[in-house]
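The values are calculated or read from the model by the stated rules, or taken from the named source; none is laboratory data. Source: prediction; values computed, not measured. Heavy atoms of the whole protein, side chains included, go into the accessibility calculation; ligands, DNA and RNA do not. Shrake-Rupley method; radii C 1.70, N 1.55, O 1.52, S 1.80 Å.
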Amino acid sequence: MNLPNKLTVFRMVLIVPFVVLLLGGFEGWGWFMALFGGIAPYTDYIALAIFVVASLTDLLDGKIARKYDLITNFGKFMDPLADKLLVCSAMICLTAMGRIPAWIVILIISREFVISGFRLIASDNGRVIAASYWGKFKTTFQMVMVILMIANIPALSPVTGIVMWISLILTVVSLVDYLVKNKEVMQGTK
């Protein structure tokens, strides 16, 4: 469990407070409201800060792993999974908040399930498929989209819309890229 892998695990752990704060799920938590009731109007901003920190760990873990030759199979598998969990959790919350259309979230999450299944098949064949550049671009745009949607700044809504569409296009392009580059996985060859 090297530093990049610890950062990946930390990113997954941050999902819980992020979701709770973003959805403001403190009703019925009398003890919490008694202690921290003053933060209630700021939970979106605190959730945004947590999301940004979690997103930055995504940049750090990869750079550290490559720079110090700490690349592991755990990292190759769990890093993209941690990204998916973080971004998909955020998009589901944003759907519940009415900030992103459900059909876009369904398409993005469907892509993630297809790639995860693809990785499992590859793993059965003794292969570990690392994230591609298209997948990294997709994740970056999705993270920026989530940040803009959580911030919910009306003056930036055209930018948010453009970033959302780019994220959706990159979702499809990265899926096609994975499937084409790794078609032998589906054919059962190594």
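Ignoring ligands, DNA and RNA, what percent of the accessible area of segment 35-190 is carbon or sulfur (1.4 Å)?
Numbers: 5980 of 8340 Å².
Ligands and nucleic acids excluded, carbon and sulfur reach 72 percent.
With axes computed from alpha carbons, what is the tilt in degrees of helix 3-13 against the longest principal axis of the chain, rounded to the nearest 10 within 0 to 90?
For 3-13 against the chain, the angle is about 50 degrees.
Between Ala96 and Leu3, what length comes free when the chain is fully extended (0.36 nm per residue of separation minus the Cα-Cα distance, one decimal in nm)?
On the way: separation 93, 0.36 × 93 = 33.48 nm, distance 3.44 nm.
Going from the current span to full extension adds 30.0 nm.
On the full set of protein chains, 1.4 Å probe, figure out the accessible area of Thr72 and give it in Å² to the nearest 10.
Only protein atoms counted, so the area is about 40 Å².
If you find the alpha carbon centre of segment 54-75 and of segment 155-190, how far apart are they in angstrom?
Between the Cα centre of segment 54-75 and that of segment 155-190, the gap is 22 Å.
Can you tell me the equivalent ellipsoid semi-axes for the chain? Use √(5λ) from the Cα gyration tensor, largest first, whole Å.
Details: eigenvalues 193, 82, 42 Å².
Semi-axes (√(5λ), whole Å): 31, 20, 15.
So how tilted is helix 102-124 from the main axis of the chain? Cα-based, degrees 0 to 90, rounded to 10.
Approximately 40 degrees, to the nearest ten.
Which lysines does Lys138 reach when only Cα atoms under 19 Å apart count, and residues fewer than 8 places away in its own chain are ignored?
Lys63, Lys76, Lys84, Lys181
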